[in-house]
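Visitor: One structure follows; several queries about it will come next.
Each value in this text was obtained by applying a stated rule to the coordinates, not by laboratory testing. Fair warning: this is a prediction, and the values are worked out from it, not measured in the lab. For neighbour counting, all protein chains shown are included, and Cβ atoms are generated from backbone atoms with ideal geometry for every residue, glycine included.
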Amino acid sequence: METSTIPKIHDEAKDFMPINGTDYIELYVGNSKQAAHYYKTAFGFQSFAYAGLRTGLKDHESYVVIQDKIRLILTSPLKSGTEIGKHIDKHGDGVKVVALWVDDATYAYETAISKGATSYMAPKVEEDEHGKVVRAGIYTYGETVHIFVERKDYKGTFLPGFVKWETPDYNPAATGLKYVDHMVGNVGWDRMNHWVEFYEEVMGFVNILSFDDNDISTEYTALMSKVMSNGNGRIKFPINEPAEGKKKSQVEEYLDFYEGEGVQHIAVATDDIIKTVRDLRSRGVEFLRVPATYYDAVTDRVGKIDEDIAPLRELGILVDRDDEGYLLQIFTKPVEPRPTMFFEIIQRKGAQSFGKGNFKALFEAIEREQELRGTLH
Ligand code: FE2
């Protein structure tokens, strides 16, 4: 059950894996050039950095887009038979790397390995005229990896090997997205506790919230979730696993279509969700809708909030409250052809939880989408 208040994050002094924040998220996609354009046009990211044929790469090309603290790398292969291409063939477009900004990447890597992590990339120093960056990587669930990024000796745009990517003729305005609030992983049947232990033992995270299938179930489908946080609370990774229901749960559908475990959603924070969502909708981003009746009971459930209910109802924004305050949130539809990864837009007004009060309405909205896709059976 969700505790009434999130316990204070554990003693930072005892935190053996200090992490400053999310460094970047790398997605392997079929067409990185067009995906970059989509994130610019639809989500308001800006052109930021590039690596590919023009910088001497032979087998892949990456475009980096940025909005405030959020950096997305979009990477595609330039020929057949690459690891990137195989990843895309199996999973469709999806998140490959959740990169974590640390002060000492070698220490983070060696600590994680000594505690049982599987190596993805041994510490590697990359240099250019702007300084050096050290990166090292470990595997997490599925084929997803964490790369530790040490950039304290680097003054360049992004990373060595990348050049500034400028598009003076096209830079759509930002939509108010500020930083990554949390990233959720979907793991297989009975695998949630395995990955909870992984984050506890290998990365020093703590389990700050748990939801069982009584919290997260509808008439048809169910899931379980545990939220893992690092010491300073800047990194939060809820881990979902499917639970038995009458029909196929959204996590099962994800696992089927992604053909394995992977990142389910990226939650990004805004200071003005009404403005952000109105803007995103006008640019073509599609959101899940809850029934209008959701708003009939919302004031009774969450009490007084600063926002008028009318624009929340108009835009389909959800509200939830915990002991520390409230939050506003909304979920996009999947952003690739397979019903896999999507985005959450979240505005926190004190609340540090994840919107448990919205789960039922939300999952029923997802089930309606599954019904339309013919995958709810
Ligand atoms: Fe979320």
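Visitor: Let me check the size of the stretch 13-164 from its C-alpha atoms; what are the radius of gyration and Dmax in Å?
Guide: Cα only, the stretch 13-164: 15.4, 48 Å (Rg, Dmax).
Visitor: Loop-only trypsin sites (Lys or Arg not before Pro) in the stretch 39-73, please: DSSP not H, G, I, E or B, and at most 11 other Cβ atoms within 10 Å.
Guide: Taking the stretch 39-73 and a limit of 11 other Cβ atoms within 10 Å, the loop trypsin sites (Lys or Arg not before Pro) found are Lys58.
Visitor: Placing +1 at every Lys and Arg Cβ and -1 at every Asp and Glu Cβ, with all other atoms neutral, what dipole size does the chain have around its Cα centre, in debye to the nearest 20? Please report the intermediate quantities before stating the final value.
Guide: Values: 45 positive and 60 negative charges, 187 e Å.
Dipole magnitude for the chain comes out near 900 debye.
Visitor: Can you return the aspartates and glutamates within cross-link range of Lys349? Criterion is Cα-Cα under 16 Å, with same-chain partners fewer than 8 residues away left out.
Guide: Asp181, Asp271, Asp272, Asp306, Glu307, Asp308, Asp320, Asp322, Asp323, Glu324
Visitor: Note the full-extension length gain between Glu259 and Ala173 as 0.36 nm times their separation in residues minus their Cα-Cα distance, in nm to one decimal.
Guide: 27.4 nm
Visitor: Which pairs, out of Lys33/Lys360; Lys33/Lys90; Lys79/Lys124, put more than 31 Å between their alpha-carbon atoms?
Guide: Lys33/Lys360
Visitor: Right, something else. Beyond 13 Å, what percent of the Cα pairs of the stretch 102-161 remain? Walk me through the numbers before you get to the answer.
Guide: Details: 1017 of 1770 pairs.
Everything past 13 Å amounts to 57 percent.
Visitor: Distances longer than 23 Å among the Cα atoms of the stretch 239-377: what percent of all pairs is that?
Guide: So the portion of pairs separated by more than 23 Å is 35 percent.
Visitor: Can you give me the angle between helix 32-43 and the longest principal axis of the chain, using Cα atoms only, in degrees from 0 to 90, rounded to the nearest 10?
Guide: It is inclined by approximately 40 degrees.
Visitor: Here's another thing I want to ask about it. Which GluC sites (Glu not before Pro) in the stretch 117-178 pass both tests, a DSSP loop state and at most 16 other beta-carbon atoms within 10 Å?
Guide: Of the GluC sites (Glu not before Pro), the ones in loops of the stretch 117-178 whose Cβ has at most 16 other Cβ atoms within 10 Å are Glu129, Glu166.
Visitor: Next question, about the same structure. What would the Debye formula give as log10 I(q)/I(0) at q = 0.30 Å⁻¹ for the alpha-carbon point model of the stretch 225-274, no solvent?
Guide: -1.16
Visitor: In this model, which of Lys236/Lys333; Lys236/Lys356; Lys40/Lys69; Lys115/Lys226; Lys226/Lys247; Lys178/Lys236 are farther than 18 Å apart at the alpha-carbon?
Guide: On the way: Lys236/Lys333 22 Å; Lys236/Lys356 16 Å; Lys40/Lys69 15 Å; Lys115/Lys226 21 Å; Lys226/Lys247 22 Å; Lys178/Lys236 16 Å.
Correct reply: Lys236/Lys333; Lys115/Lys226; Lys226/Lys247.
Visitor: Sticking with this one: Taking Rh as the Kirkwood radius computed over C-alpha pairs, what is the Stokes-Einstein D of the stretch 91-239 at 20 °C in a medium of viscosity 1.002 mPa s, expressed in µm² per second?
Guide: D, rounded to a whole number, is 122 µm²/s.
Visitor: Give me D for the stretch 168-309 in µm² s⁻¹, whole number, from Stokes-Einstein with Rh from the Kirkwood sum over alpha-carbon pairs, 37 °C and 0.692 mPa s.
Guide: This corresponds to a translational diffusion coefficient of 186 µm²/s.
Visitor: Rounded to the nearest 20 debye, what is the charge dipole size of the stretch 13-164 about its Cα centre when +1 sits on each Lys and Arg Cβ and -1 on each Asp and Glu Cβ?
Guide: Numbers: 19 positive and 19 negative charges, 63 e Å.
The dipole magnitude comes to about 300 debye.
Visitor: Report the GluC sites (Glu not before Pro) located in the stretch 235-272 that are in a DSSP loop and have at most 12 other Cβ atoms inside 10 Å of their Cβ, or state none. Don't skip to the answer; put the middle values down first.
Guide: On the way: sites: Glu244, Glu252, Glu253, Glu259, Glu261; in loops: Glu244, Glu259, Glu261.
Qualifying residues, ordered by number: Glu244.
Visitor: Where the eigenvalues come from the Cα gyration tensor of the chain, what are the semi-axes √(5λ) of the equivalent ellipsoid, largest first, in whole Å?
Guide: 32, 24, 21
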